[in-house]
Each structure stands twice: as C-alpha cells, then as structure tokens.
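Structure first, commentary second.
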Amino acid sequence: APSPTTAVPYMSVKCIDVRKNHHKTKWLMPWGPNHCEKLKDFDEAVGRQIEANDIVFAVHIPLPSKEMSPWFQFMLFIMQLDIAFKMDNDLKENAEITLDVSLAYRDDMFDDWEEIAHAIEIRKLKCTFGSPKTLESEGRHYDCDFLPFMEIGSVAHKYYLINIRLPVNERKGINVGIGEIKDIRLVGIHQNGGFTKVWFAMKTFLTPSILIIMVWYWRRITLMTRAPVLLEKVIFALGISMTFINIPVEWFSIGFDWTWMLLFGDIRQGIFYAMLLSFWIIFCGEHMMDQNERNRLSGYWKQVGPIAVGSFCLFIFDMCERGVQLKNPFYSIWTTEVGTELAMAFIIVAGICLCLYFLFLCFMVFQVFRNISGKQSSLPAMSKARRLHYEGLIFRFKFLMLITLACAAMTVIFFIVSQVTEGHWKWGDITIQVNSAFFTGIYGMWNLYVFALMFLYAPSHKNYGEDQSNGDLGVNSGEELQLTTTITHVDGPTEVYKLARKEAQE
C-alpha cells in the first residue's frame, strides 16, 4: 500500500473585501473566473489606505486543476504564520491571535459556495527570534510553531474554500501586539486513496474469516455437556470485538457525508484494545497454579478495573477533541494551556500505564512458565503416550504465550507511536514517519492472533473409543481418560488448564 497520508502545502491569497458590512455569506476566491481583488503585501494596503479589517486570507482546496475525493477519508489542517520583526510593532509575550474563520464547499466550479462552518477561534503564538531585536534585524521572520487549525472527518465534496479574517479592535485588545503578519500558510493532510482501498479490501476480506471461525468456535462449546468456562467466554468476547472493528462500515463513507466516522473508528479501536488487554490478564491468570478462586470474572477486578478506567479516560479525551469537532471543525483541545496540559497528561499517563501493564504481563507469563516447568518434572513418571501428549500440549502453550508477549509488545509500540504521529503536528518538534506496512501489519497480526486463539482453544470433539486408543497406545483406561479433551467433569477448556486446576486443588 502507498504511505497512509499526504501533506499538501497551501499559501493563502490576500483578498480585499471593500464592503463595509462584513457579511459572512460573501466568499472570496483566490483564483479562477470570479477571483477577488488581490494584494501583493501589506505595504500596498497601507499605501492604498486599506484597513486590516478589509483584508481576507483565502485558501482554495485543492490546488488548481485538482479535486478532492471521498477516498481521502479526512482532512487535517495546520497553520503557520509568517511574522516579521518590526521595532514599532513587536510581538508581545504570550500573544494571542484571534481568527474569524469560515469554511465552504461546492461540487462544481460554477456552483455557489455552501457554508459548512464559521467560528471565531483564539490561538496562542509560540515564537522565538534568533537575532537581537535591533533596527538591523527589522524584516527578519520569527520562528513560530505550527498551530492546529481544522479537522474534518469526511471529504464528501470536490472543492473547499477557507476565508480567514484577522479582526483588529484596539479598544478590546483584539489582534494587538501580534507582530507584523506577512503571510498565512496552511498544510493540508489527508489519507491516500490507494491506502484507503487496501485498508477497505483487508477489512472486507477479514470480516467473513473471523465470523466463520466464531460460529464454528461457539458451536464446539455448545456441543459440550458442561457450561462454558470463563476463558472460553473471554475468547468469544474478543472475537466479537475483533468482528466489530473489522466490519467495513467505512464503505458508506464513500457515498455519505458521515463526519463522525473518525470518532466511531476511535471508539471501535478502544473497545478492542480494552478487550485484548483484559483477555491477556485473564488468560495468564487462568493458567496460574495457585489456590486463588478462578473461573470467575470477579476474581480479576483488580487487574481489569484499571483497564476499564484508563479506557474511559481516553474515551472522554477523544470526545473532548473529536466530539466537539463534529460541531466546530476549527476547535482543538491543544489551543489552550489547560487543554494542552490535559491532553499531554492523558497521553503520557496512558503510555506509562501501558508500559507498566506490559511489565506486569511479562511477570505473570514468567510465573506461568515457572509453574508449568515445575509440573514438567513429574512427566518422566508417566507412561510414554501420556508423557508425549503433555509435552506436546506444554510446548504449544509456551509457544502461544511467547506469541502473546510479542503481540502485546507490538500493540503497546503501535499505540504510543500512533499517538505521537497524530500529535507531532500539534507539538511541533517531534516527527515520526510511519508507513502503511506498520498499520496493515499490526491490523493483520490482531486478526491472525484472534483466529489462532479460537482455533487452538475450541474444545475438541474427538472421543477415542477404548479399543482403538488402548490398542494403538497401549495405555490403561485411567491414562486414556487424560488423553481425551472432552472430560466433562473438569472445568477447563484445555489440558494445560486442567493440569493447572488439578495442581491447585491438590
């Protein structure tokens, strides 16, 4: 697949709005047949006695002779201001810029523009000046951080237009002390159409695969004479959450203007993460050879509780950002000091919790390995057929545990990297390039893992007859009982699990 996203730089055009009543339904086009009257720079505006309130920065998306497509999925815009140093118009410390922004769309070059959103937004300027502030330095530019500008969760139209005003009101102190703004640049980021098609194809192919194995798995469990145990229920719940993330509802985003798809995708991913992390804890716990009361969800509240709390916190954070953007695409939690600190705190705490969780999981896996290795010492006393059977089971179990750790490590890395990638435009100094192989690889890995779990942990339907098994293996009926996996009076879906339960009971 091609790289997941593309960044396109746009330079705004300075248009003159000569009408006295600034009615926001009038749209100023930077180029084309009905383009606005343009200004080269602000010196020309001063010469022609054009006030700052009569200047509109116009940006047309996309660039001339191109058009947007629903395959792009979303649009994220970052703003960069070109601010020059002037002795009599210096940039104040902690300066704030007020933007009067409007967004419109049309699907034909000759249609009228239809408004999508209009807002008055405040952004904090974080700029540094490398040279001493003297007369010789006049005209040099400040080095300013990127500002989050806008995010839209669907690209349903072909053409978009952004009009930005910088209203000046000296009495109220609006846009005073922000230095001499020369230009406004925007960077537009959208998903690549080629990547979207590969992503959709994967989801469409994987959905029936997981559904089929889920039906097969649950049918195996219902054939048993005993009730399903906790581990079997949790594996089935994991399959349901994987199916929920797989169902390719994104196909509808090609025909419908569903701006909530980004938020919905985040919620689906969050449910799967929470289910996966809870499953790993229960999976290890159910194979511990200790006296604790197992096979009940209430026994894991200390471990599963924090996962639920963490997931809920991240959901609240997402609603504060993407939830509000459904109404106002120009909103960003990163624009205020409190919002930035909260957002950073959420992400840092989530990252630390994930790392601690991973270490705790490694400790649990180590305990399970140690206990099973202890049990292996009693294997030589068993008959050959029974010993080989248990050695095979233990090898498969250890292999699955190592694969689990590898998947857990990759998932933790993926979560942290995707958060940093999403945030690097907002933080300014951190840049990480993530290619599509990483996204598709992790997604494929989750599906394969869930598929393998249901395949390996489905109760066996085989019931060896006494003559056949005793004749082939030369074992007595007591030992033959251990070879079958349909022992109905022991609660447990696997032989290793039963081995662990028996040890705990003893």
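The values are calculated or read from the model by the stated rules, or taken from the named source; none is laboratory data. Quick caveat, the model's predicted, so the values are computed rather than measured. Every residue, glycine among them, receives a Cβ derived from its backbone with ideal geometry; neighbour counts consider all protein chains shown. Heavy atoms of the whole protein, side chains included, go into the accessibility calculation; ligands, DNA and RNA do not. Shrake-Rupley method; radii C 1.70, N 1.55, O 1.52, S 1.80 Å.
Before moving on, here are some points about what is shown:
- For region 403-412, taking the residues that are touching a residue at least 12 places away in the same chain (Cβ under 8 Å) and of a type in the set (A, V, I, L, M), the one that is surrounded by the fewest Cβ atoms within 10 Å (Cβ to Cβ) is identified as A409.
- Residue in region 62-74 that is assigned to a strand (DSSP E or B) and in the same structural domain as E170 (by the TED database) present: no
- Residues (surrounded by fewer than 20 Cβ atoms within 10 Å (Cβ to Cβ) and more than 28 Å from N192 (Cβ to Cβ)) located in region 56-90: D82, A84, K86, M87, D88, N89, D90
- Restricting attention to region 229-287, the residues being part of a helix (DSSP H, G or I) and under 30 Å from A156 (Cβ atoms) number 26.
- Test: residue in region 211-226 that is surrounded by 15 or more Cβ atoms within 10 Å (Cβ to Cβ), over 19 Å from the mean Cα position of the chain (by Cα) and of a type in the set (S, T, Y): yes
- Flag if M242 is touching a residue at least 24 places away in the same chain (Cβ under 8 Å) and open to solvent by 10 Å² or more (accessible area, probe 1.4 Å): no
- Scope region 312-344; condition aromatic (F, W, Y) and touching a Lys or Arg at 6+ places or on another chain (Cβ under 6 Å); matching residues: W334
- Qualifying positions in region 331-348 - in a helix (DSSP H, G or I) and open to solvent by less than 80 Å² (accessible area, probe 1.4 Å): I333, W334, T335, G339, T340, A343, M344, A345, F346, I347
- Matching residues in region 360-392 - criterion: being open to solvent by 60 Å² or more (accessible area, probe 1.4 Å), among the hydrophobic types (A, V, I, L, M, F, W, C) and under 30 Å from K302 (Cβ atoms): F360, F363, F366
- Residue list for region 246-257, filter: among the hydrophobic types (A, V, I, L, M, F, W, C) and free of Cβ contacts under 8 Å to residues at least 60 places away in the same chain: I247, V249, W251, F252
- Selection status of F205, in contact (Cβ under 8 Å) with a residue 24 or more places away in the chain and of a type in the set (A, V, I, L, M, F, W, C): no
- The residue that is farthest from the chain's Cα centre (by Cα), counting only those in region 158-178 that are farther than 21 Å from V56 by Cβ and of a type outside the set (G, A, S), is R171.
- Subset of region 262-283 [free of Cβ contacts under 8 Å to residues at least 60 places away in the same chain, of a type in the set (V, I, T) and open to solvent by less than 30 Å² (accessible area, probe 1.4 Å)]: I282
- Taking every residue in region 143-162 that is within 16 Å of L326 (Cα to Cα) and open to solvent by less than 30 Å² (accessible area, probe 1.4 Å) and pairing it with any residue that is of a type in the set (S, T, N, Q) and in a strand (DSSP E or B), at least 6 positions away or on another chain, the pairs with Cβ-Cβ distances below 9 Å are V155/Q191.
- Screening the candidates L186, L166 for the property of being at pLDDT below 90, crowded, with 19+ Cβ neighbours inside 10 Å and not acidic (D, E) yields one hit, L166.
- From G305, G310, residue being buried (at least 19 other Cβ atoms within 10 Å of the Cβ), among the small types (G, A, S) and in the same structural domain as L448 (by the TED database): G310
- Residue check: G173 meets all listed conditions (1) under 24 Å from F129 (Cβ atoms); (2) touching a strand residue (DSSP E or B) at 6+ places or on another chain (Cβ under 8 Å); (3) open to solvent by 20 Å² or more (accessible area, probe 1.4 Å) but one, namely (2).
- From the options K26, K38, residue that is in the same structural domain as W113 (by the TED database), open to solvent by 40 Å² or more (accessible area, probe 1.4 Å) and without any contact (Cβ under 8 Å) to a residue 24 or more places away in the chain: K26
- Residue count, region 91-138 (criterion: open to solvent by 60 Å² or more (accessible area, probe 1.4 Å) and part of a loop (DSSP other than H, G, I, E, B)): 14
- Scanning region 241-275 for residues that are within 19 Å of S311 (Cα to Cα) and either touching a strand residue (DSSP E or B) at 6+ places or on another chain (Cβ under 9 Å) or assigned by the TED database to the domain that holds A156 (or both) turns up just one, L262.
- Single match in K133, K124 (criterion: within 22 Å of A52 (Cα to Cα) and not polar (S, T, N, Q)): K124
- Qualifying residue in region 105-119 (condition: of a type in the set (K, R) and modelled with pLDDT of 85 or more): yes
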